[in-house]
Amino acid sequence: MKHALTALALIALALPARAEDLTIGFAIAKSGWMEAYDTPAATAAKIRIEEINAAGGLLGRQIKVVESDTRTDRAEAAKAGLDVLDQGAEMMVVSCDYDFGAPAALVAEGEGMNSFFLCAEDVKAGIQGVGPNSFSSSVLAPVQGATMAEWAHAKREARTAFVLEDTFIEYNKGICTGFNWMFPQLEGAEIVGNDTFKNDDASIASQITRIKSLPAEPDVIMLCSVMPGAAAAVRQIRAAGINSLILNGSAVDGSYWLDATPDLSGFVLPVQGSIHGDDPRPEVEAFNKAYEAKTGARPASQYAYPGYVLIDLWAKAVERAGTVEGAAVTAELEKMRDEPTAFGPRSFSNELHHQNTALMQIVEITGGKPARVDEWRISQPVPLDVLMGK
């Protein structure tokens, strides 16, 4: 009997040990207003995780997800980061917004662990605000503004612009920063006026008066705003008889708000991929259908996409590094130059863990219906000092 037990023990030792799961911690908003942003991107991230697991996993390990709710609260975000750490997280995914994601990302940074913001578009959501192991796979707000400037100049012969900035959040400021940097560089282009408003202003009559008092109607109005203020501003601009092409950033993607602006035309925005079934890249529509199969509905906006991209890029870096150790994975991520993804190429460097240029799809709303009309990549990256507001 003793010999039999010894033989069994030797056989057991000879068998390959089952690798433990690789754990990713999601310290994200599952309640509060940030949940509307975090849930779609987190769902997209999980779709990519399921694909990786189905293909054999990462470094021979299946990826396991653990979660904790930040409740859209900065103090709770730090607790959520500690919670997923206690649950064995080896990488951390945090909220879309810098302010609400940073407390959890700082927990990860303290452990030398990689963190990825789900869809943050503020340069501080990375090296500048968290540390060397923190990233975002989304496209910076200034890139969106610069894209609109260059595209409108090249494709719609825009030579005059009025800039109207909603002071609600830093994202809005970022869009205007990019536009204000790019547009005056373009041949014959001039910013002929600018003004600000607050997202919850009931009226922007004084701002509209400034636009109408210009010698000629501007070719474009760069509206740096988010909902619900953006829809109210657009409605008032058109009601005042101003027919300028209106530009904005990615945050107004989707058709959910168009009932507030009936039959809207001449409104253009840049997106990472089209949710409308007309993106020329088959991978994008394949994702849209996978998302619908998982949730029962197609993505409501492009903000699902960065969640898929972040897992894709991180997993590639892990495979190349041969480990999930933060510094080693960071080194591989920082080598990426135009790394292919389903939603366009992505690059990182040891100075910037964001996209300061990107191939953007251009969506135009005509007769109340959004559709992809073009694509554009800015001719030069937005410089770091511009991104930092210097």
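The values are calculated or read from the model by the stated rules, or taken from the named source; none is laboratory data. The structure presented is a predicted model; accordingly, all values stated were derived computationally and were not measured. Glycine also receives a Cβ, built like all others from the backbone with ideal geometry; neighbour counts cover every protein chain displayed.
A few points about this structure:
- Test: ALA317 is outside the structural domain of MET34 (by TED's automatic domain parsing), in a helix (DSSP H, G or I) and not β-branched (Val, Ile, Thr): no
- Where GLU170 falls short, out of the listed (1) in contact with a Lys or Arg (Cβ under 9 Å, 6 or more places away or on another chain); (2) surrounded by 23 or more Cβ atoms within 10 Å (Cβ to Cβ): (2)
- Residue match in region 36-49 (condition: outside any helix (DSSP H, G or I) and surrounded by fewer than 24 Cβ atoms within 10 Å (Cβ to Cβ)): no
- Against the numbered list (1) within 20 Å of TYR256 (Cβ to Cβ); (2) touching a helix residue (DSSP H, G or I) at 6+ places or on another chain (Cβ under 8 Å), MET336 comes up short only at (1).
- All told, ALA75 meets the bar of being hydrophobic (A, V, I, L, M, F, W, C) and in contact (Cβ under 8 Å) with a residue 24 or more places away in the chain.
- Selection of helices (runs of 4 or more DSSP H) fully inside region 142-244 by the criterion of at least 3 residues being under 19 Å from SER379 (Cα atoms), of a type in the set (D, E, K, R) and in contact (Cβ under 8 Å) with a residue 40 or more places away in the chain returns nothing.
- In this structure, VAL94 does satisfy being within 20 Å of GLU325 (Cα to Cα) and of a type in the set (Val, Ile, Thr).
- Single match in GLN87, GLN62 (criterion: polar (S, T, N, Q), farther than 12 Å from GLY25 by Cβ and surrounded by fewer than 24 Cβ atoms within 10 Å (Cβ to Cβ)): GLN62
- Every residue from region 241-259 that is exposed (fewer than 15 other Cβ atoms within 10 Å of the Cβ) and farther than 23 Å from PRO40 by Cα: GLY241, ASN243
- Residue check, ALA290 assigned by TED's automatic domain parsing to the domain that holds LYS64 and assigned to a helix (DSSP H, G or I): yes
- Test: residue in region 64-81 that is closer than 27 Å to ASN350 by Cβ and among the β-branched types (Val, Ile, Thr): no
- Filtered residue count, region 260-287, keeping only those that are at pLDDT 95 or above, assigned to a helix (DSSP H, G or I) and either surrounded by fewer than 16 Cβ atoms within 10 Å (Cβ to Cβ) or among the aliphatic types (A, V, I, L, M) (or both): 4
- Within region 150-183, the residues that satisfy the criterion of being among the hydroxyl-bearing types (Ser, Thr, Tyr) and either within 17 Å of ASP99 (Cβ to Cβ) or touching a helix residue (DSSP H, G or I) at 6+ places or on another chain (Cβ under 7 Å) (or both) are THR167, TYR171, THR177.
- Filter pass, ALA55 being outside the structural domain of PRO299 (by TED's automatic domain parsing) and either in contact with a strand residue (DSSP E or B) (Cβ under 9 Å, 6 or more places away or on another chain) or free of Cβ contacts under 8 Å to residues at least 24 places away in the same chain (or both): no
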